[in-house]
Amino acid sequence: MAGTVSLALVASACTSATAQPPSSTGNPGAGTLAPTVAAVDPPVTTTPSSPAQIYPVGHDVSDPFLTTWNGRYYLIASEGGPGTIMNVPMLSGTAVGGWGPIFDAMPSLPAWSAPGFTWAPDLHHFGSTFVLYFTALVKSTSPAMECIGSATGPSPQGPFTPAAKPFICQVSQGGSIDPRVFTDSDGTNWLLWKSDQNIAGATTPTKIWSAPLTGDGLAFTAPPTAILQPSQSWQGTIVESPDLVKVQGTYWLFYSGNWFNTPSYATGAARCAAPAGPCSETSSTPLVASNAQGAGPGEESVYSSAAGVWLLYTPWHSDSPQYDASPRPVAMVRLGFGTTGPYLATWADPPSPPAVVVPPTPAHPSSVRIAPPTS
């Protein structure tokens, strides 16, 4: 999200990719194997103006986030949508597009958050517990400020119980939004997010941050680091919605740039030296920009399996099922990775969801617990 108060539906990055042979796992919360070398080098798409598969779900879905657990897909979204008022809408099925009924994975909000403005959920598995990170509007703030909360539950579908206080709330930087978890090949989990300097329409450049998580996902083991700021003209003053993947030993940060409610909104990618950065642009143009399938494609997330890597997003305006009308669908495009970085590839359906993958043990477990920033 761009940091203004509006109803939206968010996807988060519970899935991270480490493109090594299948014996190496990606995010254990996603229950997937990392893509094979061949899976990340598919042919380039022949329809660049319409690169995505479109999946209407009967509910307004911006920021779609796809993950798997125990043989099922889970599509997680943000609060809102005409006719459906839920805090964390979720759908589940055994095939992409074959969803069951929508349900609320977090029925109750924490006391600090205002109802009606909950989005950007991210789901990850830590030991025997699932942790849901989400963005919410903080009560009685002026200008209206959003911060990141955390909630725990016994399964990927919850029910999730939120913590009493915000998890990350960089008040001095306009707030904090868009949490995403990345699991490195050594099993270390990292949280990425955006500081909301563009609060209330401000033109201060935003930042994307990263910090390593403790084993339970509820604290940091080192202070956070800013890893990306706007540097390209198409981004304006905003970068947001981060999602990190590792392909053939290279870290790639996917993000959205510019204002979310304009045709200039788009999705880009930057190469990173490590999860803690620094990250640098490899192109002066976005990876996915306004096209025949809709204007303003952004608020993306990445899903990976042994069969490949896919990018999910929702255009601000969508031609399917009806232009500039709700409910907006999920757009899903396959990615390839070449010598110059990611590219839009020829479509192939994601395979059946795998069984649960045993998570790797962190190579260097830490007993350090650092509270996330709340000022």
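The values are calculated or read from the model by the stated rules, or taken from the named source; none is laboratory data. Nothing here was measured: the structure is a model prediction, and the numbers come from that model. So basically every Cβ, Gly included, is an ideal-geometry build from the backbone, and we count neighbours across all protein chains shown.
In the stretch 273-303, of all residues being small (Gly, Ala, Ser) and in contact with a helix residue (DSSP H, G or I) (Cβ under 9 Å, 6 or more places away or on another chain), the one that is farthest from Ala120 (Cα to Cα) corresponds to Ser284.
Of the residues making up the stretch 157-186, those that are assigned to a loop (DSSP other than H, G, I, E, B), farther than 28 Å from Ser142 by Cα and not acidic (Asp, Glu) number 5. Would a scan of the stretch 152-169 turn up a residue that is among the hydroxyl-bearing types (Ser, Thr, Tyr) and in contact with a Cys (Cβ under 9 Å, 6 or more places away or on another chain)? Looking for residues that are among the hydroxyl-bearing types (Ser, Thr, Tyr) and in contact with a Cys (Cβ under 9 Å, 6 or more places away or on another chain), one finds none in the stretch 152-169, hence no.
Screening the stretch 138-154 for residues that are free of Cβ contacts under 8 Å to residues at least 40 places away in the same chain and of a type in the set (Gly, Ala, Ser) and picking the one that is nearest to Pro107 (Cα to Cα) gives Gly149.
Being among the small types (Gly, Ala, Ser) and within 16 Å of the chain's Cα centre (by Cα) is the requirement here; does Gly298 meet it?
For Gly298, the condition - among the small types (Gly, Ala, Ser) and within 16 Å of the chain's Cα centre (by Cα) - is met.
Working only within the stretch 75-89, note down all residues that are surrounded by 23 or more Cβ atoms within 10 Å (Cβ to Cβ) and in contact with a Gly (Cβ under 9 Å, 6 or more places away or on another chain). If the condition is that a residue be surrounded by 23 or more Cβ atoms within 10 Å (Cβ to Cβ) and in contact with a Gly (Cβ under 9 Å, 6 or more places away or on another chain), then Leu75, Glu79, Gly80, Val88, Pro89 are the ones that fit.
When Gly249 is tested against (1) modelled with pLDDT of 95 or more; (2) on the phi > 0 side of the Ramachandran plot, exactly one condition is not met: (1).
Looking at Ser142, Ser150, Ser172, Ser176 in this structure, which one is more than 26 Å from Phe103 (Cβ to Cβ) and either among the acidic types (Asp, Glu) or surrounded by 17 or more Cβ atoms within 10 Å (Cβ to Cβ) (or both)? Of the residues listed, the single one that is more than 26 Å from Phe103 (Cβ to Cβ) and either among the acidic types (Asp, Glu) or surrounded by 17 or more Cβ atoms within 10 Å (Cβ to Cβ) (or both) is Ser176.
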